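Working notes for the structure below.
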Amino acid sequence: MNKLLATLIAGVFATATTAYAQTNDVTKAQAEAQKDIAKAQDKQAKKVADANEDVAKAQAKANEKVAKAQAKADEAHLKAGEKVANADPEDRLKAEAKADKKIAAADAKAAKAVAKADAKVAEEVAEADKEKALAAAKTEQAIAKANADVKKEAAKH
């Protein structure tokens, strides 16, 4: 009877030890998976922050260029208006035509600068969106791999 009891106790102990070891391996795999996922999410957050910063810089630069172009156009408007105001009455019509031509040229130049600046910002936004999507895909890949590793470890036992 003692041998039977000893065998049963040894079996229970062995089963408990094996179950503990299996649980411990799965727990380790889960911890490692969480660490990998957190690392991937940190990388994604950095990519998103960098992309947003690049867009903000591009927008600021574009705003500066637009303001400069607008200031030049305003200056051209002012100078043209002064020339018309200073023109002799008999030459006023000619001066107005010349002023209109200069104003139109200045406005066209400003519009071109605005269009270029807007295009540059749009390019930067598109690039940022691409970077964000790639970072999100890498994070999803890391999560899938980590979850697969945990399942694989659990399936071993």
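The values are calculated or read from the model by the stated rules, or taken from the named source; none is laboratory data. These numbers were taken from a predicted model, which means no experiment stands behind them. Ideal geometry is used to build each Cβ from the backbone, glycine not excepted, and the neighbour counts take in all protein chains shown.
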When restricted to Ala6, Ala33, the only residue part of a helix (DSSP H, G or I), modelled with pLDDT under 95, surrounded by 14 or more Cβ atoms within 10 Å (Cβ to Cβ) and hydrophobic (A, V, I, L, M, F, W, C) is Ala33
Here the residues within segment 42-98 that are of a type in the set (Lys, Arg) and under 42 Å from the mean Cα position of the chain (by Cα) are Lys43, Lys46, Lys47, Lys57, Lys61, Lys65, Lys68, Lys72
Every listed condition ((1) over 30 Å from Ala119 (Cα atoms); (2) at pLDDT 95 or above; (3) among the aliphatic types (A, V, I, L, M)) holds for Val26 save (2)
Note: among Lys61, Lys46, Lys68, just one is surrounded by fewer than 12 Cβ atoms within 10 Å (Cβ to Cβ), touching a helix residue (DSSP H, G or I) at 6+ places or on another chain (Cβ under 9 Å) and at pLDDT 95 or above, namely Lys46
Contact list, first residue from segment 39-63 and closer than 15 Å to Lys120 by Cα, second anywhere and of a type in the set (Gly, Ala, Ser) and modelled with pLDDT of 95 or more, beta-carbon distance below 7 Å, six or more apart or interchain, is Ala51/Ala128; Asn52/Ala128; Asp54/Ala128; Val55/Ala128; Ala62/Ala117
Given the conditions (1) over 23 Å from the mean Cα position of the chain (by Cα); (2) small (Gly, Ala, Ser); (3) surrounded by fewer than 16 Cβ atoms within 10 Å (Cβ to Cβ); (4) modelled with pLDDT under 95, every one holds for Ala111 apart from (4)
### Query
Just a yes or no: is a residue in segment 124-142 outside any helix (DSSP H, G or I) and loosely packed, with under 12 Cβ neighbours inside 10 Å?
no
